[in-house]
Structure formats: C-alpha cells, structure tokens
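See structure below.
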Amino acid sequence: MINDHIQQQINKGKMLPLMEEFYTIQGEGFHSGKAAYFIRIGGCDVGCHWCDVKESWNAELHPPTKTDAIVENVKKYTKTVVVTGGEPLMWNLDYITNSLQKNKIKTHIETSGAYELTGKWDWICLSPKKTKLPLKTIYPKANELKIIIVTKNDFKFAEKQAGKVASNCELFLQPEWSKREIMIPLIVAYVMKNPQWKISLQTHKYLNIP
Ligand code: SF4
C-alpha cells in the first residue's frame, strides 16, 4: 500500500516506480550503438499484444524509488540517460529531467506519447501505438519517430504518423522481434523505395545485452 506521503512524492516526481536501471548500449533507433544508462519505469496501459516488457505493465509491482537516488546512480556511469518503460509519461518527469540536466546529463525518452509530456528532453523518441494513439501535442516535439512493423498494414500506419511530425524528425521502421524474419525483407524493400525512412533493428538482442 502506498501511503499519502509517498503518493505526494510520486505526484511531484520525487519518487518513481522503478522497474530496473542498467548501463548498456542503446540498441535501437537514431542513437543505436551509443552507451547509455537506462531507467525503466513501471506502469503501462497501452496494451501492445507483442510487448516484450509485459512485466512492466502493473506499476504496483515496482517499488516507488527516490528519484535523487536514481540520479546518483546515473552519475556513476555516463552522460546520457534513456527513460523508458512501461509508458514513462504516466509519471511526472519534470523533477528527474531537471536533476539530470543540472548534472549535464543528456535526457532521452522513449514513449508512445499517449500521455501528456512532462520533463525537459534532449531527445524524444516517439513510438506511436494503434491501441492508444499519441496526444496531438507531442508530434511536433518528436526528434525521432519509430514505428514497429508487425504486419504489412503497419506501413500505412507509419505514413499516417509521419504526416504528423516535424519535417526534420528522423523516421525509423523497426521489425517486431518475433516477426523479424518475415518483416525484414518487406522493410528493406520499403525503405529502398521510400528513403526518407531508415531501418531500426533491436541490435541489443543480437548482441545479447539488456
Ligand atoms: Fe509494451 Fe511499450 Fe506497448 Fe506499453 S507501449 S505495451 S511498454 S510496447
């Protein structure tokens, strides 16, 4: 049970339901291949059937953790943080991004965009999901649009979403891991025909790192 004091701390972003934190290599998208400290926050109600972190969905399973303690851990490792989930925007991220930026740490987020944007971000990776579309306000702020390709129909979805982001937003198509063998040839052909898109692969899974 979360008492009133803890709930207040969560509301202010001074505590977050931390699922895991780890130093690794960003495997996906624009910053693929770069070292980064990952902060995975619990809680998600977007409901992608292919989700590979379903254990993140129930926030109650992830203990409220002091944000200051998380920032102290980051400081031991690197200058780039990726805040992910779950859906991290279910929580107030103003406090954590202020603290990180004060320490000259770059703040990146991976989000479905289904909740209001909080926090100050050096990089926003927007990965829209059909089950709970992004709020209109986040599209122009996205630095990177990452569409997960599960079926052929997702190319149409990708184009619709690309029509909503800024003209300088980086566009990525990424095969859903369990469908990669079927979808990679289609994505390759699509990107060759539509070179405004790039391919993103989950390289951390090939490298066998978290
Ligand atoms: Fe999983 Fe992300 Fe979809 Fe939530 S938005 S269900 S965490 S893939």
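The values are calculated or read from the model by the stated rules, or taken from the named source; none is laboratory data. None of these values were measured; they are calculated from a predicted model. Ideal geometry is used to build each Cβ from the backbone, glycine not excepted, and the neighbour counts take in all protein chains shown. Heavy atoms of the whole protein, side chains included, go into the accessibility calculation; ligands, DNA and RNA do not. Shrake-Rupley method; radii C 1.70, N 1.55, O 1.52, S 1.80 Å.
Taking a straight line from the alpha carbon of LYS179, these aspartates and glutamates sit under 17 Å away, with near neighbours fewer than eight places off in the same chain left out: GLU28, ASP52, ASP154. Taking the accessible area of the chain, probe 1.4 Å, and keeping the other protein chains in place, the carbon and sulfur fraction comes to 54%.
Among the listed pairs LYS76/LYS164; LYS34/LYS120; LYS75/LYS198; LYS102/LYS129; LYS66/LYS104, a Cα-Cα separation exceeding 30 Å is found for LYS76/LYS164; LYS75/LYS198; LYS102/LYS129.
Ranking TRP91, TRP197 by solvent-accessible area of protein heavy atoms (1.4 Å probe, all protein chains present), from largest to smallest, gives TRP91, TRP197.
Computed with a 1.4 Å probe over protein heavy atoms only, the accessible surface of the chain comes to 52 Å² per residue. Cα centroid separation, region 136-186 to region 5-31: 24 Å. Measuring nothing but how far apart in sequence close Cα pairs (under 8 Å, 6+ apart) lie, relative to its length, the chain scores a relative contact order of 18 percent. Evaluating 6.51 cos²θ - 1.76 cosθ + 1.60 at θ = phi - 60° for every residue in region 44-60, the Karplus couplings come out as 6, 10, 7, x, 5, 5, 9, 3, 9, 10, 4, 5, 7, 4, 8, 4, 5 Hz, glycine and proline recorded as x. Close amide-amide hydrogen proximity is noted between TYR23 and PHE38, each under 5 Å apart and 5 or more residues distant or on a separate chain (H modeled in the peptide plane; Pro and chain starts excluded). Isolated cysteines in the chain, defined as those with no second cysteine Cβ under 4.7 Å, comprise CYS44, CYS125, CYS169. Partner aspartates and glutamates whose Cα lies under 16 Å from the Cα of LYS14, excluding those fewer than 8 positions away in the same chain, are identified as ASP4, ASP68, GLU72, ASP94. Across region 97-168, the relative contact order, built from alpha-carbon pairs under 8 Å that are at least six residues apart, equals 25 percent.
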